[in-house]
Amino acid sequence: MLSISFNDLGGVLPLSIANFSKEMMFLYMGYNHFSGIIPHGIGNLVNLFELSLEDNHLTGPIPDNIGKLTMLRALSLHDNKLIGFIPSSIGNLTLLSDIFLDGNKFEGIIPSTMKTLRQLSTLYLSNNRLSGRIPGEILGHFFSLLVLDLANNSFSGTIPTEIGSLTNLQYLLLNGNRLTGKIPGTISGCAVLEDLNLQGNLFIGSIPPSLSNLKGLKNLNLSYNSLSGGIPSSFSNLKLLQTLGLSNNNLSGSVPEFLQDLKFLFVLDLSYNHFHGELPVKGVFTNSSALVLIGNVELCGGLPQLHLPVCLKSHHKTSRGSLILKIVIPIVSLLSCLLLLLLFLFLFRQRESRTKTKISSSLPVPYEEFPRVTYNDLVRATDGFSSGNLIGKGKHASVYKGTLHGINNTIMMVAIKVFSLNIRGASKSFLSECESLRSIRHRNLIKIITSCVSIDSQGNDFKALVLDLMPNGSLDSWLHPVENQQQQQQQQQQQQSPLSLIQRLNVAIDVADALEYLHHSCQPPVVHCDLKPSNVLLDDDMNARVGDFGLAKILMNNNSNLWQSSTASTEIIKGTIGYVPPEYGFGSEVSPMGDVYSYGILVLELLTGKRPVDESFKDGMTMRKFVESYASLERIMEVMDPSMFSQEDDVKDDVIGYKRQKECVVSVAALGLECSIDSPNERLSMSHVSAQMHAIRDHYLCVGSTSS
């Protein structure tokens, strides 16, 4: 085995790796900066069980002689710049369990030879340029498949009916393609499906009622299609549903009352359809931040916070028989359903625990090499916590860079966050971060590697977290380089050019995706409570990751099925001036809408280069008022940070390019203003914000490529 993953190694991937011993079984070189091609001689390593070259800068095609690696169980090439076709020789790898080819530039079709991969458990092909139809004759052979991710490609045609033969499938992600026709009812054959995403295709017809047979379904997204008809009444059987996205279709009819009875439903997006009539007032409909209803002009009623018109009710007499139907029968039915639900939940949890164990065993665990560290390990890693290794300092902790030595001589550069336990609140901050980070995993969140609770050399309590090292520092240091000059010198940063417009867009999207995950995909949801540029860190590819969960709050489910902060309502919510939402100052409960406000301010800071407490904001002037007074196509450039345009030489002195820039920043500024509205009930949800930010960037890049 050779493992050199998670380092800062670069240069061209040496062709000499083809000369390694033919007895080698494991080759791990991922998460570095290697460039060049995958050597053709890789086929010489005929006894490889696992080949991991993911998250590098590799180019060129996959060598065809990879088909010689007939012992291969896992192939990880995701997040590179690989091109060409998926080689047909991959069909020779009949023992393959996991394929990760997502995040590249592969073209063409899924080769028919893949039907021989009968032991396949996970297949990730998303975010490529694959096209053609989804081959049903291949799917019919994937009996063990748990994850099928074909999102964000150019697949066309219909979903093959053979999809129903994937009886073990848990995740089916086909969003962002060009699929047409009707959604096949045979999907209901995927009996244990938990996540079904068909967003952003060209589907027509009605929503198949048979989808209600997916009893374990948690997330269903059918948005951005051309579906018609109503929401099937059989969806009342989806008792475990958590998110339901139906926006931007041609759906009509009334909003079914049974949606308010789905106890776990906490995100419901019905926007831009033709729903009409009175809105229910219980369950998910009691939380305005969980609902997206815009674009349905004939809806009425609901809670006052939704600002819908009052319904005009007819005044006819209700017969005695009608009362029986409306009162007695539902009560009896409800009691019966509750008993069945309790039985179902008991059986489902037993099955879910077995399934999760199975799927987790097939996915890589990158930090297994560092299960436990001692105080002395961290002293050695940081040269005695020397000032030369200090990369940041806050109220409750100091952060050092260090070199950690793990099992099998593995070495990794890490960030070590040492808590100042003599300061009030530091120990609680440590516990909060541990509680928040122990179960959340997302590409735009700082990863926690391990923790250390020990005694230092003076006999005092010692607590520290070991985290991913972000070589490009914080977003704050890039937006305000003069203020951070001393810190940059300590870190010896070489790249000092200001962030370009597209880089700022990417950062805003990364942060939005992170918050969308915390608010809508975590169970229970997490509120960060201290979002600001200094808590947004940048990796070596300038991807943003949100960190510092010392003030984070986990929302608990109370008896009325509402998410509330685990913090007592009498506790004063701390944060950073300028980013804390105004309602917190009046004692309001922590909610995801607080993070939305902070995100809006951060977006405006990205655009203007000014802090929300800038000394120029006087006499009641705020960041929001400042931008709002200039937020038009004619004046927007007057308040934008000019340095973000200096990097985009392709649009200098270009009238079309300049107009494109103005339209982009106007859209982003408008979104920032919507997020930072004083009233939390009027702010957008992060799922909506994330979708809009992606759309703004896609439009900007699309228009740019067209004009060029």
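Only the coordinates and a few stated rules stand behind these numbers; no lab work does. All values reported here derive from a predicted model rather than from experimental measurement. Cβ: placed from backbone, ideal geometry, glycine included. Neighbour counts: every protein chain shown.
Residues with beta-carbon under 12 Å from that of residue 469, excluding residue 469: net charge, scoring Lys, Arg +1 and Asp, Glu -1? Every neighbour counted, the sum reads 0.
Ordering of 632-643, 20-31 by packing is 20-31, 632-643, highest average first (other Cβ atoms within 10 Å, averaged per residue).
Scalar couplings 3J(HN,Hα) for segment 254-259, obtained by applying the Karplus form with A = 6.51, B = -1.76, C = 1.60 to θ = phi - 60°, are 7, 7, x, 5, 5, 4 Hz; x denotes Gly and Pro. Sorted on the mean count of surrounding Cβ atoms within 10 Å across their residues, most packed first, peptides 102-110, 666-674 read 666-674, 102-110.
If R₀ is 56 angstrom, what is the calculated FRET efficiency for the pair residue 226 and residue 613, using the beta carbon separation as r and rounding to 0.05?
Values: r = 48 Å, r/R0 = 0.85.
Calculated value: 0.75.
Converting phi to 3J(HN,Hα) with the Karplus coefficients 6.51, -1.76 and 1.60 and the offset θ = phi - 60°, segment 674-684 yields 5, 6, 9, 4, 4, 7, x, 6, 9, 7, 7 Hz in sequence order, with x at every glycine or proline. Backbone amide hydrogens, once placed in the peptide plane, bring residue 253 within less than 5 Å of 276, excluding anything fewer than 5 places away on its chain. Averaging Cα coordinates gives a centre for segment 1-40 and one for segment 250-310; these two points are 53 Å apart. Separation of the alpha carbons by more than 21 angstrom is noted, of 393/417; 428/463; 81/532; 417/532; 22/105; 182/282, for 81/532; 22/105; 182/282. Here the simple spin-label model places points 7 Å from the Cα toward Cβ, and for residue 541 and residue 376 these points are separated by 3.9 nm.
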